[in-house]
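Take a look at the following structure, please.
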Ligand SMILES: NC(=O)c1ccc[n+]([C@@H]2O[C@H](COP(=O)([O-])OP(=O)(O)OC[C@H]3O[C@@H](n4cnc5c(N)ncnc54)[C@H](OP(=O)(O)O)[C@@H]3O)[C@@H](O)[C@H]2O)c1
C-alpha cells in the first residue's frame with residue numbers, strides 16, 4: 001500500500017519558497033548529484049501537489065527541466081484546487097478535496113510513495129493524520145521570508161522519528 005511522503009528542499013531558515021513564491025534560489029542547489037533524490041524519484045508512484053505548487057514559479061519553465069525532479073518525473077500527478085482549469089492538462093488530474101485526492105493518488109502510486117508537494121497540502125495531510133514520512137533536503141541559503149516548510153502558529157508539536165539506518169533527513173511522522 002502506498003505511503004504518503006512530504007518532500008521539499010528547504011533553506012536553512014525554513015523556507016521552501018522565497019517571497020512571492022520565488023524559486024530562483026533553488027536552481028544552483030539542484031546542480032550536483034544527489035543519491036537520496038535519485039532513490040526518492042525511483043520510489044515515487046504519484047505526485048499530489050497543491051495548486052500553489054502546480055502554478056508556482058519554476059525557473060526551468062519552458063525547458064526540458066520543467067516540473068518535478070527537474071523534469072525527470074513522468075508519472076501521474078494530482079493537483080488539489082478549487083479552481084480547475086477549463087482545459088485538460090496532459091498527465092494531471094485536478095481534484096477538489098483532500099480525501100478524494102489522497103484516494104486517487106494512493107491508488108495510482110501502487111506500493112510506491114505518494115509524494116506531496118506544497119506546504120499547505122502537507123499541513124492538511126498532517127492535520128488529518130495521513131502523512132507517513134517527511135524528507136528534507138537543505139539548501140545553504142537564508143531566504144528571510146516566503147513559504148515555510150511547515151507553518152502552524154501556536155500549534156502543537158509534530159513528532160518525527162528518524163528511520164533506522166537512514167542517513168538523509170528522512171523521518172516517520174508519529175501521531
Ligand atoms: N522547495 C521545494 O522543494 C518546493 C516544493 C514544492 C513547492 N514549492 C513551492 O511552495 C509554494 C507552494 O506551497 P504552498 O504551501 O503555498 O501551496 P500548495 O500547498 O502547493 O497549494 C495550496 C493551494 O492548493 C489548493 N488546495 C489546497 N488544499 C486544497 C483542498 N483541500 N481542496 C481544494 N484545493 C486545495 C488551493 O488552491 P486553489 O486556490 O486553486 O483552490 C491552495 O491555495 C510554491 O511557491 C512552490 O514553488 C517548493
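Throughout, read-outs are computed from the coordinates displayed, never taken from laboratory work. It should be emphasised that the depicted structure is a prediction, and the values quoted were computed from it without experimental measurement. Counting neighbours? That spans all protein chains shown, and the Cβs are built from the backbone with ideal geometry, glycine included.
Which FRET efficiency, nearest 0.05, do residue 1 and residue 29 yield, Cβ-Cβ r, R0 30 Å? Numbers along the way, then the final one.
Values: r = 33 Å, r/R0 = 1.09.
It comes to 0.40.
Dividing the convex hull volume of the alpha carbon atoms of region 32-103 by its residue count, what do you get in Å³ per residue? Mind showing how you got there, number by number?
On the way: hull volume 7.7 nm³, N = 72.
With only Cα atoms used, region 32-103 gives 107 Å³ per residue.
Have a look at region 97-159 and give its Rg and Dmax from the Cα atoms, expressed in angstrom.
13.6, 39
Cut-off 13 Å, label point 7 angstrom out along Cα-to-Cβ of residue 163: give me the residues of region 41-76 whose amide nitrogen falls inside.
Once the point is set 7 Å along Cα→Cβ of residue 163, 41-45 turn out to lie under 13 Å by backbone N, inside region 41-76.
Using only the Cα atoms, work out Rg/Rh for region 3-174, with Rh taken as the Kirkwood radius, to two decimals. Walk me through the intermediate numbers first.
Values: Rg = 15.3 Å, Rh = 16.5 Å.
With Rh from the inverse mean 1/r over Cα pairs, Rg/Rh is 0.93.
Quick one: if the Förster radius is 30 Å, what FRET efficiency do residue 86 and residue 63 give, using the C-beta to C-beta distance and rounding to 0.05?
Details: r = 26 Å, r/R0 = 0.86.
In this case the efficiency is close to 0.70.
Once every DSSP H run of n ≥ 4 in the chain is given -39500 (n - 2.57) and the sum is divided by its residues, what mean residue ellipticity at 222 nm do you get, rounded to the nearest 500 deg cm²/dmol? Present the calculation step by step, with values, prior to reporting the outcome.
Values: 4 runs with 32 residues, N = 175.
Value at 222 nm, helices only: -5000 deg cm²/dmol.
How high is the relative contact order of region 3-174, in percent, counting Cα pairs under 8 Å that sit 6 or more residues apart?
37
So, one more: What is the Cα centroid distance between region 17-69 and region 96-175, reported in whole angstrom?
Cα centroid to Cα centroid, the span is 15 Å.
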